[in-house]
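What follows draws every value from the coordinates through simple rules; no lab data is involved. Note that the structure is predicted; figures quoted are calculated from it, not measured. Cβ placement follows ideal geometry from the backbone for every residue including glycine, while neighbour counts extend to all protein chains displayed.
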Amino acid sequence: MGAENSKRKDLKNISDEEYKKFMENWKKATNGKDKMTREQFVPTFPIFGEGSAQCYYRMVNDEPSGLLPSKSLLRIIDGGLGHFDTLANSLILCFGKEKDVLMRSVVKIFCEANKFTREDQVRLYDYFESENTKPIEELDHFFSTCPLFPYTASFIYQRLVERPGDSKMPTLNEKSQLMGNVDQLVLNSHLPFDRRKNWTLLYSNAKHGHSFSQLVKNINGQGPCFIVMRSMRGRRFGFFASHGFLAGPQYRGSAECFLFQLAPKIGTFSATGRTDNYVYLNYQQQQMPNGLGIGGYDNVWPFFIHETFDGGLSQKNSSAFEPCYLADEEHFQIKNIEAWRPGEKPQKTFEEMMVEAERDPERSIIDKDPEARAVMEMAGKTMHSDAYREKKPMLDEK
């Protein structure tokens, strides 16, 4: 017992139960011995896949016996479950100092363990390669700028101690026509932690009809939301609305909003903090833009969908976000569009917020913003105040 405790005391990130299970498997594979051969290692730790032998030889490089002691592998795993600096060291011990080889190995192991396709592997590697401009000596700094990579890497070490590996994939209530595995994985990694588990489809033009009014009905007051679309040219792109949508000529959201491109390549573009012009949803006003967009004003937007729902704007280098050109054309046409809510619906519904505002004349949104009332009535909600103008039909309802 004392010897076991002595081996265990240096492990900070492996639980007693994980250690016990690991050693049971180890002794079963080695017939009770403390050192493991390559022939024993490969079938015992299948997570490494085709690269098992190469990993084994790297890990025993400094071992005089040429065999792998249990304590050496446990220390590597413990480091892989630790902070960025120890994770980086564990990765180098397993996969070597060539950045390309290390990144490809991590991606391959992660994708195969999660049953991703070969195309998924290529797309995920391309994303990491575009994000990682640092040399291998600064691998831990890359982790800070691209948190998804250390998440996928630590997944390997979780599996080595049979800890339920968190793949970081969200659970969707319906299949997306616009987002594959890697798209969902990358977008999910940029969300607040409390919004990463379940995604709910709010709107799809393939399911609900190609209608701006239907889009507004389904997203208004529903909480944080992704807008994802495919243009007629095949580009896939969109944005995350951190506070969701409330119809009216005002901007909503925070610096948690971001733009993204999914095809032809994956990229995310963070808010710069230079403006508060984030999410915008408005219609039927003569002096304000009518449509849905983010990060713009008047006729200058990185992403904007017209109220007519026939197309939109995509312009370069908005001051609100990092430089990007999502559609690769200034005026795009919509082929497919989806809206997804990550996480749970807010406790207060849009209707409840409107009723509360209606009861307080000092801060009534209904009085200040007739468009908000129009959206409520369009959704079939009955309001009890007379202080509103007669609703005009929306363009796609004429």
Note the full-extension length gain between Glu344 and Glu98 as 0.36 nm times their separation in residues minus their Cα-Cα distance, in nm to one decimal.
-> 84.4 nm
How far is the Cα center of region 243-289 from the Cα center of region 159-189, in Å?
-> 25 Å
Using mean Cβ contacts within 10 Å as the protection proxy, how do 206-213, 320-327, 222-229 order, highest first?
-> 222-229, 320-327, 206-213
Quote to one decimal, in nm, the extra length available between Thr145 and Lys28 on full extension: 0.36 nm per residue of separation minus the C-alpha distance between them.
-> 38.0 nm
Using only alpha carbon pairs under 8 Å that are at least six residues apart, calculate the relative contact order of region 172-342 and give it in whole percent.
-> 24 percent
Sum of side-chain charges, Glu344 neighbourhood, beta-carbon under 10 Å (Lys, Arg +1; Asp, Glu -1) | +3
Local net charge near Phe95, Cβ-Cβ under 14 Å (Lys/Arg +1, Asp/Glu -1) | +2
Spin-label point model (7 Å from Cα, Cβ direction): what's the Ala263 to Asn336 distance in nm?
-> 0.7 nm
Label Thr37 and Glu137 with points 7 Å out from Cα along Cα→Cβ: what is the distance between them in nm?
-> 4.1 nm
At 0.36 nm per residue, minus the direct Cα-Cα distance, what do His208 and Asp298 gain on full extension? Give it in nm, one decimal, please.
-> 29.5 nm
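Could the peptides 170-177, 70-77, 37-44 be put in order, highest first, of the mean number of other beta-carbon atoms found within 10 Å of their residues? Don't skip to the answer; put the middle values down first.
Numbers: 170-177: 13.0, 70-77: 19.6, 37-44: 15.1.
Order by mean packing, descending: 70-77, 37-44, 170-177.
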Under the classification rounded if a/c is under 1.5, otherwise prolate if a/b is larger than b/c and oblate if not, where does region 172-342 fall, given a ≥ b ≥ c as square roots of the Cα gyration tensor eigenvalues?
-> rounded
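Where a ≥ b ≥ c are the square roots of the eigenvalues of the C-alpha gyration tensor, would you call region 1-95 rounded, which needs a/c under 1.5, or, failing that, prolate if a/b is larger than b/c, or oblate?
oblate
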From the cross-link list Lys27/Lys99; Lys99/Lys175; Lys115/Lys335; Lys108/Lys345; Lys20/Lys99, the entries with a Cα-Cα span beyond 32 Å are Lys27/Lys99; Lys99/Lys175; Lys108/Lys345; Lys20/Lys99
Please work out the FRET efficiency for the pair Glu174 and Glu119, using the Cβ-Cβ distance as r and a Förster radius of 25 Å; give the result to the nearest 0.05.
-> 0.70
By its C-alpha gyration tensor, with a ≥ b ≥ c as the square roots of the eigenvalues, how is region 189-248 shaped: rounded for a/c under 1.5, else prolate for a/b larger than b/c, else oblate?
-> oblate
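Quick one: plug the Kirkwood hydrodynamic radius of region 2-160 (C-alpha pairs) into Stokes-Einstein at 25 °C, 0.890 mPa s, and report D in µm²/s. Mind showing how you got there, number by number?
Details: Rh = 16.3 Å.
Taking Rh from Cα pairs, D becomes 151 µm²/s.
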